[in-house]
Amino acid sequence: MSDLGVLLGALISGVVHARRIADEESAAIAEHYKDNPLLSGMSIPRIRVPEVSIDIPMLIEAQDEGEADQIADADTIRNAVRKELKASLSREGLSMSEKELKNFDAAFGQQLNKVAVPSVYRSPREAVIRAAEDAYSATVKKKIVADGTLAASSRVVSNLRFSASGSALQKVGRSPHIGASILTAEVKDKSSHANVSRLTLTLKEEGLEWSIGQNDDGTMTRKLTPE
């Protein structure tokens, strides 16, 4: 028995690797055509498969609804983020008064109260990070930009994001899980018309290609873009 998500990922990955192998063969054939006087003027054969349909009988053998992440105690998160804020300001040669730090702490606490509602966020990590960012923007950012630079502000908020992310969760939850089997022998031995399911998967091909651009500082940036 395997996780259904793993099975689907393996099927999709298999199709992607099949396309890679086919393209490598096309590249090898292109080299052969180039060096052959009789073939050099002909087009290079290359197969594209716009759509692949897969129909597989399978058994659903288990189901787990998973478990939501458990958010850490609010004081634990606030202490970690406050400590990082002070350290980040010190590294930038900046400082804040106790009153200003308390204002940040109060704003962050108000944001955390919204995140702590269990029914709102299954995975609260990103919500905690955004709470830290919102509190920073409301109480700290303007002063740091005035006393330092916008780059310094970006570094400080990046450090706050990292600290908030690391302290956000008391326990990492589990994703939902469906246990399934597509092994021919197992499906044949255990299945009947009443309990066998069929997985019908249709994959459509979309290619990506590298695009290269030059930055203002002369460095090159490579990005994958749709072909």
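Please treat every number below as a calculation from the coordinates, not as lab data. Being a predicted model, the structure only gives us computed values, none of them experimental. Every residue, glycine among them, receives a Cβ derived from its backbone with ideal geometry; neighbour counts consider all protein chains shown.
Taking Cα atoms only, the orientation of helix 125-139 departs from the longest principal axis of the chain by about 40 degrees. Taking the square roots of 5 times each eigenvalue of the Cα gyration tensor of the stretch 70-171, largest first, gives ellipsoid semi-axes of 24, 12, 11 Å. Computed over the chain, the quotient of the alpha carbon radius of gyration and 2.2 N^0.38 Å is 1.58.
Please work out the Cα convex hull volume for the stretch 1-117 and give it in Å³ per residue. Before the final figure, lay out each step's value.
Working: hull volume 33.0 nm³, N = 117.
Residue-normalised Cα hull volume stands at 282 Å³.
Return a whole-number percent for the relative contact order of the chain, with Cα pairs under 8 Å and 6 or more residues apart as the contact set. 34 percent.
Placing unit charges on each Cβ (+1 for Lys and Arg, -1 for Asp and Glu) gives the stretch 70-171 a dipole about its Cα centre, and among 72, 89, 108 the Cα reaching farthest toward its positive end belongs to 72.
In this simple spin-label approximation, residue 60 and residue 10 carry label points 7 Å from Cα along the Cα→Cβ vector, and these lie 2.0 nm apart. The stretch 11-40 and the stretch 88-118 have Cα centres lying 57 Å from one another. Return P(r) of the stretch 121-167 (all Cα-Cα pairs; 10 Å bins starting at 0; whole %; ordered from short to long distances). It works out to 29, 49, 19, 4, in whole percents. With a cut-off of 11 Å on the backbone N, no residue of the stretch 11-42 is near the modelled label site 7 Å out from residue 225 along Cα-Cβ.
Extension gain for the segment residue 68 to residue 183, taken as residue separation times 0.36 nm less the Cα-Cα distance, is 38.3 nm to one decimal. Rounded to the nearest 20 debye, the dipole size of the chain about its Cα centre is 900 debye, using +1 on the Cβ of Lys and Arg and -1 on the Cβ of Asp and Glu.
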